[in-house]
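The values are calculated or read from the model by the stated rules, or taken from the named source; none is laboratory data. No experiment lies behind these values; they were computed from the predicted model shown. In this analysis, Cβ positions are derived from the backbone assuming ideal geometry, glycine residues included, and neighbour counts consider all displayed protein chains.
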Amino acid sequence: MQYLKYEFQDIASWLEKKETIWSEETGYANCHVIEVGNITITPGIYDEEGNVITEPVTTGKYAIDIVWNESEDSSFAVFKVWPAPCGVHTVSGLEGLYEAAYYEQYPELKPTIDPTV
C-alpha cells in the first residue's frame, strides 16, 4: 500500500488523467482517491456580512491524494508532489505511511531522536 500526493495544472487535467484509473462500471482501480482541490495559501478577508474584502490566494493547482492498494501507477509519477508531512490533508490512520514515503524521498529531512532524552 502507498499513500502519495499529486498536483495537476487544473481540474480539467485531473479529470483527463482520472480516466486512466476510473470507470463507470468498476469505480477506481487499485486505489482510493481524495480530491483535495485548490489549496488556499492565504485565506480571504471578509466583512461582518460575509462580503469579500480580499480574495483568498490559492496555489492555482488541483491537489489529489491517492492511497494505492498495491503500488503507484507509474504514469502518475510526473504529477507527484512532496509537501512536508502531512500537507493540508491526510487520511486518518495513514499519516505514517505518507511520512515513511516522504522521508525515503528526503532522508536528510528526517527528524533525529536523541536516545538520551
* **Any pair with Cβ under 7 angstrom, 6 or more apart, that starts in region 49-74 at a residue that is over 22 Å from Glu7 (Cβ atoms) and ends at one that is in a strand (DSSP E or B)** => Val52/Tyr46; Ile53/Ile45; Ile53/Tyr46; Thr54/Ile45
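Answer yes or no: is there a residue in region 21-28 that is of a type in the set (S, T, N, Q), at pLDDT 95 or above, more than 19 Å from the chain's Cα centre (by Cα) and surrounded by fewer than 10 Cβ atoms within 10 Å (Cβ to Cβ).
Let us first name the residues in region 21-28 that are of a type in the set (S, T, N, Q), namely 23, 26.
Filter once more, keeping what is at pLDDT 95 or above: none.
For region 21-28, residues of a type in the set (S, T, N, Q), at pLDDT 95 or above, more than 19 Å from the chain's Cα centre (by Cα) and surrounded by fewer than 10 Cβ atoms within 10 Å (Cβ to Cβ): absent.
Okay, residues lined up against (1) among the charged types (D, E, K, R); (2) surrounded by 10 or more Cβ atoms within 10 Å (Cβ to Cβ):
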{"position": "Tyr46", "(1), (2)": "no, yes"}
{"position": "Asn51", "(1), (2)": "no, no"}
{"position": "Lys61", "(1), (2)": "yes, yes"}
{"position": "Ser71", "(1), (2)": "no, no"}
{"position": "Phe79", "(1), (2)": "no, yes"}
{"position": "Cys86", "(1), (2)": "no, yes"}
{"position": "Ser92", "(1), (2)": "no, no"}
{"position": "Tyr98", "(1), (2)": "no, yes"}
{"position": "Tyr103", "(1), (2)": "no, yes"}
* Has region 9-25 got any residue that is more than 22 Å from Lys80 (Cα to Cα) and part of a loop (DSSP other than H, G, I, E, B)? -> yes
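I need a count of the residues in region 91-117 that are in a loop (DSSP other than H, G, I, E, B) and in contact (Cβ under 8 Å) with a residue 24 or more places away in the chain. It would help to see each step written out before you state the result.
Applying the first criterion (in a loop (DSSP other than H, G, I, E, B)) to region 91-117 yields 91-94, 106, 110-117.
Those left that are additionally in contact (Cβ under 8 Å) with a residue 24 or more places away in the chain: 91, 94, 106.
Residues flagged as in a loop (DSSP other than H, G, I, E, B) and in contact (Cβ under 8 Å) with a residue 24 or more places away in the chain within region 91-117 amount to 3.
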* So Glu108, is it farther than 27 Å from Ser13 by Cα and either surrounded by 14 or more Cβ atoms within 10 Å (Cβ to Cβ) or at pLDDT below 95 (or both) -> yes
* Take the residues of region 46-86 that are assigned to a strand (DSSP E or B) and within 17 Å of Tyr98 (Cβ to Cβ): which is farthest from the chain's Cα centre (by Cα)? -> Trp68
* Asked: Just wondering, is there one or more residues in region 85-97 that are in contact with a Cys (Cβ under 7 Å, 6 or more places away or on another chain) and within 26 Å of Ile11 (Cα to Cα)?
  -> yes
